[in-house]
Every structure is written in structure tokens, then in C-alpha cells.
Amino acid sequence: WGNSGDTHWHGYWEKTYPLARRAEQRDWLYPTRDEWVAGLAAAVAEIPGQLVIAAHSLGCHTTVAWLLQASLLEQRKLKGALLVA
């Protein structure tokens with residue numbers, strides 16, 4: 001929620017790890033479940049091969065909601081998830 005910015009821990013990871021990607025959302029202040037899940041699904045679709053999701057705050061809920069509706073092929077791409085409340 002609020003797209004914590006570059007100075008937050010995940011922003012630091014994004015800047016220092018060249019393969020890191022942020023799942024961008026249209027509205028960071030007024031989230032809707034379906035939009036955020038679609039945003040995560042789009043980000044996952046752009047990544048070839050396996051991935052690890054590091055999620056914070058409402059991103060944790062978004063990750064779980066995405067995983068529950070993801071196809072088996074999409075689920076198999078997920079190597080792991082770090083959910084930080």
C-alpha cells in the first residue's frame with residue numbers, strides 16, 4: 001500500500017539486484033483486489049522461468065490471492081514467497 005518507494009527495503013533490493021522487478025499497480029493508495037492480482041499476474045507473466053516473490057503489507061494478500069487463482073503452469077513458476085507483514 002502506498003508504493004513505499006526506493007528507500008524501503010524492497011526498493012533497495014530492486015536497485016541492487018539486477019533481476020528484481022516490482023509489480024506496478026495503477027493505484028497504490030486505493031487498492032482493489034482484482035486490479036492488484038491482475039497487476040501481479042502481469043508481472044509474473046513477463047518473467048521467464050522460475051521466480052521468488054517478496055511481498056510486503058497488502059502485497060502479501062495480493063500474492064496469496066494470485067496464487068489461489070493462478071493456473072498450474074503459473075504456480076509452477078513460483079519457487080518461493082517471502083511474505084513480510
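The values are calculated or read from the model by the stated rules, or taken from the named source; none is laboratory data. A quick note: this is a predicted structure, and the numbers were derived from the prediction, not measured. Neighbour counts are summed over all protein chains in view; Cβ atoms, including those assigned to glycine, are modelled from backbone coordinates with ideal geometry. SASA here: full protein model, heavy atoms, side chains in, ligands and nucleic acids out. Shrake-Rupley method; radii C 1.70, N 1.55, O 1.52, S 1.80 Å.
Applying the condition of being among the aromatic types (Phe, Trp, Tyr), surrounded by 12 or more Cβ atoms within 10 Å (Cβ to Cβ) and closer than 18 Å to Leu82 by Cα to the range 5-48 and asking which residue is farthest from the chain's Cα centre (by Cα) yields Tyr12. Of all residues in the range 7-26, those satisfying the criterion of being part of a loop (DSSP other than H, G, I, E, B) and among the small types (Gly, Ala, Ser) are Ala20, Ala23. Scanning the range 27-85 for residues that are basic (Lys, Arg) and in a strand (DSSP E or B) returns a single hit, Lys79. Checking the condition farther than 25 Å from Ser4 by Cα and either of a type outside the set (D, E, K, R) or at pLDDT 95 or above (or both), which residue from Pro48, Pro31 passes? Being farther than 25 Å from Ser4 by Cα and either of a type outside the set (D, E, K, R) or at pLDDT 95 or above (or both) holds for just one of Pro48, Pro31, which is Pro48. How about the range 49-73: which of its residues are open to solvent by 50 Å² or more (accessible area, probe 1.4 Å), without any contact (Cβ under 8 Å) to a residue 40 or more places away in the chain, within 23 Å of Tyr12 (Cα to Cα) and not hydrophobic (A, V, I, L, M, F, W, C)? Gln50, His61, listed by residue number.
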